[in-house]
Amino acid sequence: MRTDAADVEQLATAPAFQSIGFGRKLKNNLATVLFAAAFVIAVIPLLWVLWTLLERGLKPILNATWWSHSFKGLLPMDFGGGIYHALVGTVFEGLVCLVFAVPLGVMVAVYLVEYGQQSKLAKAATFMVDILSGLPSIVAGLFIYALWITTFGMTRSGFAVALALLLLMLPVVVRVTETMLLIVPNELREAAYALGLPKWKTIVRIVLPTALSGIVTGIMLGLARVLGETAPLLILVGYSSAINFDLFSGEMASLPLTIFMERSTGTEAGEYRMWGAALTLVIVIMLINLVATGLSKIFAIKTK
């Protein structure tokens, strides 16, 4: 019985998929177990924190007056009041920080990627950004206190807090923007130059819109990070249980400062308000993260 060449070749060729050896299966299963265990170990504290916040802070925030009143007139042992005064301070300080940090950070990153490259000024700027990235929040608060209050003679205020938060947020904006600009393909720049566009117009109309999705996400996450800082608040502004809309004078409350001050009362009512303020801060940060996700999808490059 004759066998054709195709059958001979099929018999001589080894199967594409070989059976996996016992050693490889053992290593794969061991790695799977280790990764799963690491995930569980990391998630358990997070779930524990969230459960504690919900258990102790849910009752205050469900109160009808929590979102519309302040703590004005309340004694340390009195229950009631609302977080409206602290929300106002947190939002005002965050907005001022955002207004200054975004243009400064984006322009520094554009210079580093598009213009500076290996120049001495770019290296110095990169070095300073690296230093600011690891700057403790209390050092930022002390620097603003020495410059804004001691040297310039200004008063302690919410604006001084916003300046300290600016020092903490600026390196985040620079690093995120720089990373996203480096991801943009050089072919897009070269195509724009070939069409006769000047460099500044190429950056504004081609490069930045391409990287905008990641830049916006990084900015929002950086804002969420600095809003939880407490040390600059203790140094640069006093706590007020009433609402203050003036950023440049007077004491102003914020969510982290309210948590600290209510904890220091040592009363049951103070602890009640402390957990409510803590859960409110988590909700605010969660909303900022959700906004960042939504903006990322809106500004993402649309493809078919």
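The values are calculated or read from the model by the stated rules, or taken from the named source; none is laboratory data. Predicted model, so just to flag it, every value in this text is computed and none were measured. Note: ideal-geometry Cβ built from the backbone for every residue, glycine included; neighbour counts use all protein chains shown. For accessibility, only protein heavy atoms count, side chains too; no ligands or nucleic acids. Shrake-Rupley method; radii C 1.70, N 1.55, O 1.52, S 1.80 Å.
Taking all Cα pairs closer than 8 Å and separated by 6 or more residues, the relative contact order of segment 84-253 comes to 38 percent.
Averaged per residue, segment 78-154 has 54 square angstrom of accessible surface, using a 1.4 angstrom probe with ligands and nucleic acids left out.
From the alpha carbon centroid of segment 94-139 to that of segment 163-227 is 12 Å. Running a GNM on the chain with Cα contacts under 10 Å, which residue among Val99, Val174, Val161 ends up with the highest mean-square fluctuation? Of Val99, Val174, Val161, the most mobile in the Gaussian network model is Val99. Rounded to 0.05, the FRET efficiency of the Phe35 and Thr265 pair, given R0 = 45 Å and the Cβ-Cβ distance, is 0.50. Normalised size of segment 108-267, defined as Cα radius of gyration per 2.2 N^0.38 Å with N residues, equals 1.32.
Largest accessible area first, the residues Arg24, Arg175, Arg225, Arg263 order themselves as Arg24, Arg263, Arg225, Arg175 under a 1.4 Å probe with ligands, DNA and RNA left out.
Ranked from largest, the principal axis spans of the Cα set of the chain equal 105, 55, 35 Å. Share of carbon and sulfur in the accessible area of segment 84-253 stands at 72%, probe radius 1.4 Å.
Straight-line cross-link partners of Lys201 among the aspartates and glutamates, defined as a Cα under 17 Å from its Cα and at least 8 positions apart when in the same chain: Glu114, Glu187, Glu190. Between Leu104 and Ala124, full extension at 0.36 nm per residue minus the direct alpha carbon distance yields a gain of 5.6 nm.
Summing -39500 (n - 2.57) over the DSSP H runs of n ≥ 4 in the chain and dividing by its residue number, what mean residue ellipticity at 222 nm do you reach, to the nearest 500 deg cm²/dmol? Before the final figure, lay out the partial values.
On the way: 12 runs with 204 residues, N = 304.
That comes out to -22500 deg cm²/dmol.
Residue by residue, segment 135-140 carries 3J(HN,Hα) couplings of 6, x, 5, 5, 5, 4 Hz when phi is fed to the Karplus relation 6.51 cos²θ - 1.76 cosθ + 1.60 (θ = phi - 60°); x denotes Gly or Pro.
Once the chain from Lys72 to Leu221 is taken as fully extended at 0.36 nm per residue, the excess over their C-alpha distance is 50.4 nm.
So how strong a dipole does the chain carry about its Cα centre when Lys and Arg Cβ are +1 and Asp and Glu Cβ are -1, to the nearest 20 debye? Before the final figure, lay out each step's value.
On the way: 21 positive and 17 negative charges, 105 e Å.
That gives a dipole near 500 debye.
Gain on full extension, evaluated as 0.36 nm per residue between Ile298 and Arg205 minus their Cα-Cα distance, stands at 31.8 nm.
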